[in-house]
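Below is one structure, written out as structure tokens; comments come after it.
The values are calculated or read from the model by the stated rules, or taken from the named source; none is laboratory data. Remember, it's a predicted structure, so these values are computed and weren't measured experimentally. Neighbour counts run over all protein chains shown; Cβ positions are idealised from the backbone, glycine included.
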Amino acid sequence: MTTVASIPLDQLRRANVGVPETRWTTAAVEALYELPFMDLLYRAQQVHRAHFDANEVQLSTLLSIKTGGCAEDCGYCPQSAHFDTGLPASKLMAVDEVLEAARAAKAQGATRFCMGAAWRSPKERDMPHITAMIEGVRALGLETCMTLGMLDAEQAQQLKQAGLDYYNHNLDTSPDHYGAIISTRTYQDRLDTLQHVRQAGIHVCCGGIVGMGETRTQRAALIAQLANLDPYPESVPINHLVAVPGTPLADAEPIDPFEFVRTIAVARITMPTTMVRLSAGREQMDEALQVLCFMAGANSIFYGDRLLTTANPQAQRDQRLFQRLGLKPQGEQPAVQSVPPAQTA
């Protein structure tokens with residue numbers, strides 16, 4: 001009987017960049033999850049090394065350009081107006097403020113700058129400000145990414161004309177678990193936005209969140225959904241739920257750490273050429289767990305003190321970890337290499 005464990009590695013690599021040779025079934029992805037942990041990491045590391053420098057990690061910075069007051073009811077999100085999380089709503093940041101933050105991110109070693117707004121979808125009156133942000137950040141030599149909610153085809157074209165490199169719009173979870181998390185936006189709404197982004201010629205950043213009460217089968221179904229997008233996303237953020245008081249998922253049972261690492265590894269194997277981003281939840285991870293994620297194929301992190309509204313490991317802590325592991329930031333920014341040693345008591 002043929003199982004994923006017996007499939008030759010060359011087939012698992014699926015070397016055609018971004019284009020799957022065959023569709024991944026949920027069962028096939030789940031079979032990857034069920035491999036012995038060491039075998040799974042070995043396969044993921046082989047696939048990773050076939051396409052990337054295993055000692056290089058992309059540094060991305062994420063800025064909330066408009067916080068809180070969102071009309072959506074995503075059960076994990078403190079920015080939803082449906083929940084009382086104590087997070088005040090703010091207006092869209094001024095372009096100059098955003099560019100100042102982008103300059104600071106670049107000085108700290110980031111090569112990618114992501115901007116997020118808590119909207120159901122952007123309003124036309126905001127588009128000139130949004131496009132000015134994109135143009136300004138690109139002028140600094142940074143890769144640009146935005147997440148603004150749902151887009152129609154015309155809005156996607158406007159972002160493309162401004163020079164946007166990536167648009168983030170996550171699927172969040174599997175189709176059959178989605179209704180337990182969100183009711184104000186359908187799964188098809190998300191797929192439609194991704195299609196508009198693709199048709200506009202913008203790269204896709206699309207991933208999900210684990211630890212929201214889903215089963216392993218549902219995690220496998222999410223990965224299958226992502227891997228079967230044609231082409232699969234160039235960037236796949238894997239988020240560990242940050243349980244925020246006041247949200248419906250505040251008391252969610254934490255996912256087993258090894259299961260999270262398995263998710264990273266399975267994403268790497270099924271989407272060999274994508275940037276697998278270790279995203280939300282890193283603040284709660286110890287260094288050993290983060291190292292396992294890098295071994296499993298994660299090659300991008302969000303860098304800086306905050307992710308939209310949640311904490312993120314401090315930049316110097318990341319820099320020291322990189323030095324200890326011999327990891328180098330993508331582009332080898334000098335500001336990241338010259339870090340003073342940690343002080344001891």
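Filtered by the rule that a residue be among the basic types (K, R), touching a residue at least 60 places away in the same chain (Cβ under 8 Å) and assigned to a helix (DSSP H, G or I), the range 107-134 gives no residues.
Looking at this structure, is L92 at pLDDT 90 or above, among the aliphatic types (A, V, I, L, M), more than 24 Å from the chain's Cα centre (by Cα) and not in a helix (DSSP H, G or I)? So that I can check it myself, show each step before the final result.
Numbers: at pLDDT 90 or above: yes; among the aliphatic types (A, V, I, L, M): yes; more than 24 Å from the chain's Cα centre (by Cα): no; not in a helix (DSSP H, G or I): yes.
It is false that L92 is at pLDDT 90 or above, among the aliphatic types (A, V, I, L, M), more than 24 Å from the chain's Cα centre (by Cα) and not in a helix (DSSP H, G or I).
Checked against the criterion of being more than 19 Å from the chain's Cα centre (by Cα), surrounded by 18 or more Cβ atoms within 10 Å (Cβ to Cβ) and not in a helix (DSSP H, G or I), the candidates L87, L41, L59 yield just one match: L87.
Tally time: how many residues in the range 281-312 are modelled with pLDDT under 85 and small (G, A, S)? Summing the residues that are modelled with pLDDT under 85 and small (G, A, S) in the range 281-312 gives 3. Q316 meets the conditions (1) crowded, with 17+ Cβ neighbours inside 10 Å; (2) at pLDDT below 85 in every case but one. The failed one is (1).
Just the residues that are in a loop (DSSP other than H, G, I, E, B) and farther than 25 Å from C145 by Cα, please, taken from the range 245-275.
Looking only at the range 245-275, we keep the residues that are in a loop (DSSP other than H, G, I, E, B), and these are 245-256, 271-274.
Listed by number, the residues that qualify are P245, G246, T247, P248, L249, A250, D251, A252, E253, P254, I255, D256.
Among the residues in the range 160-169, are any aliphatic (A, V, I, L, M) and touching an Asp or Glu at 6+ places or on another chain (Cβ under 6 Å)? The answer is yes; a qualifying residue exists.
Applying the selection to the range 276-307, what residues are hydrophobic (A, V, I, L, M, F, W, C), closer than 16 Å to H51 by Cα and assigned to a strand (DSSP E or B)? Full working, then the answer.
Start the filter on the range 276-307 by keeping residues that are hydrophobic (A, V, I, L, M, F, W, C), which leaves 276, 278, 280, 285, 288-289, 291-296, 298, 301-302, 307.
With the extra rule that they be closer than 16 Å to H51 by Cα, the set shrinks to 276, 294-296, 298.
If the condition is that a residue be hydrophobic (A, V, I, L, M, F, W, C), closer than 16 Å to H51 by Cα and assigned to a strand (DSSP E or B), then V276 is the only one that fits.
Residue count for the range 183-213 satisfying the condition of being in contact with a helix residue (DSSP H, G or I) (Cβ under 8 Å, 6 or more places away or on another chain), closer than 23 Å to Y33 by Cα and either in contact (Cβ under 8 Å) with a residue 60 or more places away in the chain or among the β-branched types (V, I, T) (or both): 4.
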